[in-house]
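Here the structure comes first, spelled out in structure tokens, and everything after it is commentary.
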Number of protein chains: 4
Amino acid sequence: MRLAMVGLGRMGANIVRRLLRDGHECVVYDVNPAAVAELVAEGAVGAESIADLATQLDGPRVVWVMIPAGITGQVVDEVAAVLEPGDVIIDGGNSNYHDDVRRAEALRPRGLHYVDIGTSGGVFGLERGYCLMVGGPEEAVTLIEPILRTVAPGAGDVERTPGREGELAPEELGYLHCGPSGAGHFVKMVHNGIEYGAMAALAEGLNLLHNADAGVREAEHSAEVAPLEQPEFYQFPIDTAKVTELWRRGSVISSWLLDLTAAALHENPTLDGLAGRVSDSGEGRWTVKAAVDVGVPAPVLSAALFGRFASRGEDQFANQVLSAMRLQFGGHQERPAGDVLEAGGRSADAG
Amino acid sequence: MRLAMVGLGRMGANIVRRLLRDGHECVVYDVNPAAVAELVAEGAVGAESIADLATQLDGPRVVWVMIPAGITGQVVDEVAAVLEPGDVIIDGGNSNYHDDVRRAEALRPRGLHYVDIGTSGGVFGLERGYCLMVGGPEEAVTLIEPILRTVAPGAGDVERTPGREGELAPEELGYLHCGPSGAGHFVKMVHNGIEYGAMAALAEGLNLLHNADAGVREAEHSAEVAPLEQPEFYQFPIDTAKVTELWRRGSVISSWLLDLTAAALHENPTLDGLAGRVSDSGEGRWTVKAAVDVGVPAPVLSAALFGRFASRGEDQFANQVLSAMRLQFGGHQERPAGDVLEAGGRSADAG
Amino acid sequence: MRLAMVGLGRMGANIVRRLLRDGHECVVYDVNPAAVAELVAEGAVGAESIADLATQLDGPRVVWVMIPAGITGQVVDEVAAVLEPGDVIIDGGNSNYHDDVRRAEALRPRGLHYVDIGTSGGVFGLERGYCLMVGGPEEAVTLIEPILRTVAPGAGDVERTPGREGELAPEELGYLHCGPSGAGHFVKMVHNGIEYGAMAALAEGLNLLHNADAGVREAEHSAEVAPLEQPEFYQFPIDTAKVTELWRRGSVISSWLLDLTAAALHENPTLDGLAGRVSDSGEGRWTVKAAVDVGVPAPVLSAALFGRFASRGEDQFANQVLSAMRLQFGGHQERPAGDVLEAGGRSADAG
Amino acid sequence: MRLAMVGLGRMGANIVRRLLRDGHECVVYDVNPAAVAELVAEGAVGAESIADLATQLDGPRVVWVMIPAGITGQVVDEVAAVLEPGDVIIDGGNSNYHDDVRRAEALRPRGLHYVDIGTSGGVFGLERGYCLMVGGPEEAVTLIEPILRTVAPGAGDVERTPGREGELAPEELGYLHCGPSGAGHFVKMVHNGIEYGAMAALAEGLNLLHNADAGVREAEHSAEVAPLEQPEFYQFPIDTAKVTELWRRGSVISSWLLDLTAAALHENPTLDGLAGRVSDSGEGRWTVKAAVDVGVPAPVLSAALFGRFASRGEDQFANQVLSAMRLQFGGHQERPAGDVLEAGGRSADAG
């Protein structure tokens, strides 16, 4: 079918490529003319403006907006201004689902359909396809189903779940109509929340393996921390690159994140050059806030999120407060090196 | 090669089967003669006792012990009593690696080699092979390498990690000599710790999806908890069985645990009949204790572990203490139903 | 000075009593005429409606609204409707500070001042005074300072902080102008967030003391959980009522919450009759959401909040998911009693 | 009564001073003769060696050892070597209660009593007295009760718990026989675990207050983190020194730790000069390990402990792993500054 794409960054451009390859017609627009030209060279139809783009589609028009979340609202408004009742606007970016709920409600009186699509797949999506989590009115989602089928990974070589039979369901092809407007980004948000937790689980475990030789390094141990009590149990120089490679085969925790970790550690076993300041995008935060709203315990997902905050030093004032308290009640300096050597002394937290 | 297996439970028996299929000779023993007979019928050589078993092997003998962790120590001692210098005892069960360190040290003066193997693979291991994490002296691990190759999954259809070339390394075949005695179970322990975290991440996320319709259920909301502030954002009746199936395709969080979850939810979408009292075996606990020992933060892994404790009601006294405090400072009963309706009243934690 | 109080629940009524005792004049109103009558009998001036109440004050009028958060917005609107430029509305309830920011902004064009006051003190406030966290414009806060001085605890017998000299600062008298509108409830919100964390810390510790005799109870241990590895270290029958009483004297963790806990445990050492379903009001939730918003790690405060959710069974679906996964990968029933006894078997998480 | 003190560091010396002031006779010994001389000048009896010290006591002898935990075992052995059946050795340091259990058992056949005392009170103990948590055999604890009464704070001006009547119980005087050998240090360990949690709760809350002006600082916001979504709600420049002072009066979270925090922030409102690398002694670690052993959830106490580890950079490798994964699946550099500006781009975790 024919549709328009607004926003030709890496994600938008690659989705267009998947669509073109599968025989769809794509009208494309971006504020950057070079991005348009590149895809025109690959078979797309170029548009010079959002208004121009609308004229190149027949109703019901389908316009997919693939823009950074911060400016999506404004672009959706621009697109809506040139559409007509029955047309469909897709937000395929990383919007907060709150915005979807609000936008769908705002567009509804004008007869415009709003469909939100959460996508997962990263840089591998062009080849592997994108996992699509879709929210919106039944009618609009049905209309765009041919697009969804193309952009999604399809059944691929994933083994069929026991008990599933007959024709493949949409979720087995890599796309799913999750519910009304907002449901797509809601499910994507939770997906990313889980991703944070799964990543942190792996990272914590690897950090422990990385320190499994702590007993060997014991001699260099500073007085700042409690001494290692049983150094004989921490004499293992573990090769984390090899272990992650190993776990890819037959282990319970084999996963795509593990594949990536094994690749990263094979390439750079010491992870030199990485500062370990871990960014976070909105989804992890929204997941925790949603869990708090509905009263669902999320200790793992929140610990993963807070770990990222701390990795960037956002725990600094809290830690200073702790040091200040300890100084007050113990009379200790921050690095109580001498204290533990003092005869009859007490370690720093003795309280 | 020829080896002996002591302990023919599901795991031990299936490992023997994999070995027999690949042409190895297995002498088998179990306290249950029927278990022996069953494997003899499949081609193994039966033994009537541990002493008998030793006589049916030539040096250097290799005896794999596959027994519940609680009695492994005692069986290892029995086996050691009938072995000779240069022989190898393998503990393939779920021992705490502390025990490995101690046992290896105890057996070393007698010239016996102790090899610990952590195995992952669950009920699928017979067909998929077992991921093998091996600790022990170089000499002994080299000796048993033919066995490891057979029991491990092999390269299978796992895509090769970018940058890896040439002959497949052992970790690419599904087994790895991780370090000295104890290292195998140490790596397996951390593996399971990660498993707990990854499982909890998925479970928390699914719980949030399960409650994404909280705004619809708001009417039934009791006064016990804070009211849902923006019910319009929680109107999604999400089908978790379909969502997990979806995520298996092209998403960042695709994993074997996700495959299993999708299967479980397809079979029983409401999870009826499961009480949600989640057991834990030793590895999750040992992981947290090891992290504490070496000073590695493990907030995610520990949250996952503590969540299991709480699922079994082990948080009961703590929660009663909280209720008791609230009763003291707020004068509130445990279910302050009337309180929030009281004019001028304050909600229960107002303190 | 003269002021009006709207809402005569426990908190509102007790604040009026403190004000009357100190010579202030209070015009009081509540939807419940009996509550009005009771305070009139104690010296207050009764009002029959909000409109009536306004006529009984001279400008600049000060009206303190002490109403459950859910209906505060509506009452503030009613009060605002009968006030004039320069008048002051105080919200002393448990409003979300977001509402304060919005309300202050809405009232500003009409020349009305909005002051939010977070109060702490619980049922003891009448005698001890209420700790007052105040947000709002300088001018209005200055105007109501005589009221704040009366309602606050005053210096009392709290030891002066080293380094503080001269005249007592407002914060030493128990009230503080924390910042613009919303700042009062923001500080109160964080206060309650801390309260959740401090309560949970105490509750977890007492739960551990309560289980310090786990080694004695080991015999009854089910196969559902990992066996206690060193029962000899858990032979202590600790009397938590006595321990909390002890800690009130000279220990680093002495606190008012500890006082209350000691009282509760003295009264009911086994906490019989408390189900341990712990309610939460909005502040703990808002604290976590605010921390997420600004990127401040709050692992302790969130763990405390999530523990309350779990105490009410809100972790149920997550736990069922975990049990379902374990059933899939291990072939284990939820209570794998038989499994661990099986020769050669593996414990339940062996994966 | 007459007793000996071995170890005259700050704690040991101050305990001797409290004892001398109350009329007890103290024989004192330290490896540092100056420390002995100083107390002799204050009225103590000096000893030149542990053997010498034993000769200066009559049976049943009481020897209090107040030495850093690392060398306590060795000193206890030296002391035990010069004692006789019926004599009492007190370990008042910060030993792991495991050691108490073992030592008591080792000394029992020789008729020596081992008493472990956990003490809390910090640098203020000399004046305020020390909160004493005591473990050991009934007979020995009864013998040393006069000492305990002197060293403990006594009833002081702590308000009596409602319902307590008649003669003051030991716990109301600040000491408690908690159970058999080890119970004293066990209770002290849990005390410190709680302390960690309570400190962290306060520190996290203050960090949030410290960042309540994040909306003002928004302009400087880097692309590394998700932008602040509602900057209008984070416009509060909160004075944490004043707020902590305020909370000391009438609030639910008033506590001694709060007093100390208020003092620290009054002295140094920006906490300049504190790096925020927070040490930990053994007790916090042992508490978490004990909770894991007995299956008690301790999410708050462990989060507090892990926060300290992270404050010292022990999360480094884990964070590098996270950055490495993100680089793999998103193709993003660690600080994806350009990425979020890209038209059609996706934020960094889009996965």
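Please average, across the residues of A:152-158, the number of beta carbons from any other chain that are within 10 Å of each residue's own beta carbon, and give a whole number.
3
When DSSP assigns beta bridges and you keep just the ones with both residues in the stretch A:93-222, what percent turn out antiparallel, to the nearest 5?
55
Which order do B:Ser251, B:Ser302 fall in if you start with the one that has the fewest other Cβ atoms within 10 Å?
The order, fewest Cβ neighbours first, is B:Ser251, B:Ser302.
What's the exposure ranking of C:Glu245, D:Glu145, B:Glu314, going from fewest to most Cβ atoms within 10 Å?
By the 10 Å Cβ count, ascending, the order reads D:Glu145, B:Glu314, C:Glu245.
Can you flag which of C:Lys188/D:Lys242; A:Lys188/B:Lys242; A:Lys188/A:Lys242 are past 23 Å Cα-Cα?
As for pairs spanning more than 23 Å Cα to Cα, those are A:Lys188/A:Lys242.
How big is the antiparallel share of DSSP beta bridges in the protein assembly as shown, given as a percent to the nearest 5?
Around 20 percent of the beta bridges assigned by DSSP in the protein assembly as shown are antiparallel ones.
Average projected area of the Cα convex hull of the stretch A:146-251, in nm²?
11.8
Beta carbons within 10 angstrom, averaged per residue: use that to sort the peptides B:82-88, C:157-163, highest first.
Highest to lowest by the protection proxy: B:82-88, C:157-163.
For label points placed 7 Å from Cα toward Cβ, what is the shortest-first list of nm distances from A:Gly163 to its copies?
4.1, 5.0, 6.4
Could you estimate the translational diffusion coefficient of the stretch A:1-88 from the Stokes-Einstein equation, with Rh from the Kirkwood formula over C-alpha pairs, at 20 °C and 1.002 mPa s, in whole µm²/s?
Result for D is 168 µm²/s.
In a solvent-free Debye calculation with one equal scatterer on each Cα, what is log10 I(q)/I(0) for the protein assembly as shown at q = 0.05, 0.07, 0.08, 0.09 Å⁻¹, listed in the order of the q values?
Taken in order of the listed q values, log10 I(q)/I(0) reads -0.41, -0.79, -1.02, -1.24.
Let me confirm one metric for peptide A:115-125, namely the mean number of other chain beta-carbon atoms within 10 Å of its residues' beta-carbons.
5
Taking neighbour counts of Cβ atoms within 10 Å as a proxy for exposure, in what order, fewest first, do B:Asp259, A:Asp315, B:Asp22 appear?
B:Asp22, B:Asp259, A:Asp315
What's the magnitude of the charge dipole for chain B around its Cα centre, counting Lys and Arg as +1 and Asp and Glu as -1 at the beta-carbon? Answer in Debye, nearest 20.
Dipole size: approximately 180 debye.
Between the stretch C:184-201 and the stretch B:140-219, what is the C-alpha centre distance in whole Å?
Answer, in whole Å: 40.
How large is ³J(HN,Hα), in whole Hz, for each residue of the stretch B:256-271 in order, when computed from phi with the Karplus curve 6.51 cos²θ - 1.76 cosθ + 1.60 and θ = phi - 60°, using x for Gly and Pro?
The phi angles translate into 5, 4, 5, 4, 5, 5, 4, 5, 5, 6, 5, 6, 8, x, 9, 6 Hz.
How big is D, in µm² s⁻¹, for the stretch B:98-186 by Stokes-Einstein at 37 °C and 0.692 mPa s if Rh is the Kirkwood radius over C-alpha pairs?
238
Grab the alpha carbons of the stretch A:263-310, take their convex hull, and tell me the volume per residue in Å³.
97
About its Cα centre, what dipole magnitude does the protein assembly as shown give when the only charges are +1 on Lys and Arg Cβ and -1 on Asp and Glu Cβ, stated in debye to the nearest 20?
0
Taking amide hydrogens as modeled 1.01 Å from N in the peptide plane, which residues meet the under 5 Å criterion relative to A:Gly86, leaving out close sequence neighbours?
A:Leu112, A:His113
With a cut-off of 8 Å between alpha carbons and a minimum separation of six or more residues, what is the relative contact order of chain A in percent?
The normalised contact order for chain A reaches 11 percent.
Above 27 Å lies some portion of the pair distances; for the stretch C:1-157, what is it as a whole percent of all C-alpha pairs?
Pairs farther apart than 27 Å: 13 percent.
What whole number of Å gives the distance from the Cα centroid of the stretch B:245-283 to the Cα centroid of the stretch C:25-68?
59
Distance in nm between label sites at C:Glu145 and B:Ala41, each 7 Å beyond Cα in the beta-carbon direction?
It is 9.5 nm.
Find every distance from the label point of C:Gly86 to the corresponding label point in the other copies (7 Å from Cα along Cα→Cβ) and write them in nm, one decimal, shortest first.
Copy-to-copy label distances for C:Gly86: 6.4, 8.9, 10.8 nm.
Which one of A:Ile15, A:Tyr29, A:Ile50 has its Cα pushed farthest toward the positive end of the charge dipole of the stretch A:1-59, where Lys and Arg give +1 and Asp and Glu give -1 at the Cβ?
A:Ile15
How big, on average over all directions, is the shadow cast by the Cα convex hull of chain B, in nm²?
Across all orientations, chain B yields a mean hull projection of 23.8 nm².
Below 8 Å, C-alpha to C-alpha, sequence gap of six or more: please give me the relative contact order for the stretch A:244-311 in percent.
Relative contact order, the stretch A:244-311: 26 percent.
Return the chain C residue and its Cβ-to-axis distance, rounded to the nearest Å, for the rotation relating C to D.
C:Ser255, 2
Is there a simple number for the mean count of other chain Cβ atoms within 10 Å of the Cβ of residues in B:182-191, and what is it?
Mean number of neighbouring Cβ atoms from other chains: 6.
Placing +1 at every Lys and Arg Cβ and -1 at every Asp and Glu Cβ, with all other atoms neutral, what dipole size does the stretch A:1-87 have around its Cα centre, in debye to the nearest 20?
It comes to approximately 360 debye.
Averaging over every viewing direction, what projected area does the convex hull of the Cα atoms of the stretch C:234-338 cover, in nm²?
11.4
Sort shortest first the distances from C:Gly59 to its counterpart in every other copy, using label points 7 Å along the Cα-to-beta-carbon line, and give them in nm.
Result for C:Gly59, in nm, nearest copy first: 5.7, 9.3, 10.9.
Here, each number is a calculation from the coordinates, and none is a lab measurement. All values reported here derive from a predicted model rather than from experimental measurement. Using ideal geometry, Cβ is built from the backbone for each residue, glycine included, and neighbour counts are taken over all protein chains shown.
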